[in-house]
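Worksheet: the structure to be examined is printed underneath.
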Amino acid sequence: MTDRKAIFITGAASGIGRAVARLFSARGWFVGLADVNEAGLAETAGLLARHAGVNSGTIHKLDVRDRAAWDVALADFTEASGGRLDVLFNNAGIPIGGKIIDLGTEEIEKVLDINLKGVIFGAQAAHKYLKATPGSCLLNTASAAGIYGTPGASIYSATKFGVRAITESLDGEWDEDGICVRDLMPGFIDTPLLEQAPNRASNEDIRGRVIEAGLEITPVIAVAEAAWAAVHGEKLHTTVGKTADRLAFASRWMPGRLRKQTRTGGRALGG
Ligand code: NAD
């Protein structure tokens, strides 16, 4: 095995995945960039090359919903990384917001498949490589929506509660294999995800709704630093940004008040 640590990142063509790729690359890691968006992947790779020189990592066109494609991508990646997989960053995800009765079957299934099945398939495919790499870590991107069920974002919340459950389950299940398992629970983060409409019927973007609700938007670098700290630390769940911190605090210490607030003030955010 080579000395250089290796991270494989899904959703690496944009936002959080790109920021994490840049930070780990700048700190000397070999980086595998995976996404469905090939143009975005090439852009991210260009940003890495400036930091780390020619051999900064690999690019993989991967749809996280495709279980067989995961095996191919990780086999290719570990061949290039000298056999190592120190971190799988299971990060690809899409938003969905809106009242549950207004959402279409197709858009519900798509978000369940990408946000939840994609994370499950990634964990399954990566296990043997993580087990073979001492001190390895599975890092999943959950969300503040995985702290308390968000009115107007029930499906998104359900996927992120699912990611949280997988994190907690595998933290126990994989302890004997020497693999640490962590997740990130960001609030609203300044990425292209906020430019999307919360659902097909909407012509507003998520960013506008967040601003209207008076919630802050956290710079993406904060998530990259949190990912670094999560991989190198002991915390199972890492919140990022004030909205996530407040929600975690309220759900623990004043659940009754939080419930009341979500009944009176809840709105479709879907971030
Ligand atoms: P983003 O839209 O900037 O990036 C998401 C990336 O995932 C895109 O490059 C997209 O092409 C990729 N992707 C989508 N479907 C895919 C698939 N089937 N296979 C592979 N890649 C796919 O969004 P982001 O904000 O960087 O989101 C990253 C993660 O962070 C998501 O899981 C999201 O739910 C989570 N998150 C985001 C926020 C936020 O406010 N931005 C907050 C909490 C959690």
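Note on A75 and I100: the model spin-label points, each 7 Å out from Cα along the C-beta direction, lie 4.1 nm apart. In order along the range 79-95, phi translates into HN-Hα couplings of 5, 6, 8, x, x, 8, 9, 6, 9, 9, 9, 7, 10, 4, x, 10, x Hz, rounded to whole numbers, per the Karplus curve 6.51 cos²θ - 1.76 cosθ + 1.60 with θ = phi - 60° and x for Gly and Pro. Annotation: amide H of G32 within the under-5 Å range of I7, F8, I9, T58, sequence separation 5 or more or interchain, hydrogens built in the peptide plane.
Can you give the accessible area per residue of the chain, in Å², using a 1.4 Å probe?
Numbers: 12320 Å² over 271 residues.
Each residue of the chain exposes 45 Å² on average to a 1.4 Å probe.
Calculated on the alpha-carbon coordinates, the convex hull of the chain measures out at 118 cubic angstrom per residue.
Counting protein heavy atoms only, the chain has 53 percent of its accessible area on carbon and sulfur, 1.4 angstrom probe. Compared with the dominant principal axis of the Cα atoms in the chain, helix 15-26 is inclined by about 30°. If R0 is 41 Å, what FRET efficiency do you get for K110 and T2 from their C-beta distance, rounded to 0.05? Computed FRET efficiency for K110 and T2: 0.60. For the range 53-105, the spread of Cα positions along the three principal axes, ordered from largest to smallest, is 49, 26, 18 Å. Of A12, Q124, S251, whose Cα points farthest to the positive end of the dipole of the range 6-264 (charges on the beta-carbon: +1 Lys, Arg; -1 Asp, Glu; origin at the Cα centre)? The residue sitting most towards the positive pole is S251. In this rough spin-label picture, where each label sits 7 Å from Cα along the Cβ direction, the H232-E43 distance is 2.9 nm. For K117, the aspartates and glutamates whose Cα comes closer than 14 Å to its Cα, not counting residues fewer than 8 places off in the same chain, are D63, D66, E109.
If r is the Cβ-Cβ distance from R259 to A201 and R0 is 30 Å, what FRET efficiency results, to the nearest 0.05? It comes out at approximately 0.60. For the chain, the longest principal axis of the Cα atoms and the long axis of helix 221-232 meet at an angle of about 60 degrees.
Using equal-weight Cα scatterers in the Debye expression, the normalised intensity of the range 117-271 in log10 at q = 0.09, 0.12, 0.14, 0.19 Å⁻¹ is -0.31, -0.55, -0.73, -1.20. Pairs spanning more than 28 Å between alpha-carbon atoms, out of K61/K160; K61/K99; K5/K110: K61/K99; K5/K110.
The values are calculated or read from the model by the stated rules, or taken from the named source; none is laboratory data. Note that the structure is a prediction, hence the values are computed from the model and not measured. Here Cβ is always computed from backbone atoms with ideal geometry, including for glycine, and neighbour counts include all displayed protein chains. Ligands, DNA and RNA are excluded from the accessible area calculation, which covers all protein heavy atoms including side chains. Shrake-Rupley method; radii C 1.70, N 1.55, O 1.52, S 1.80 Å.
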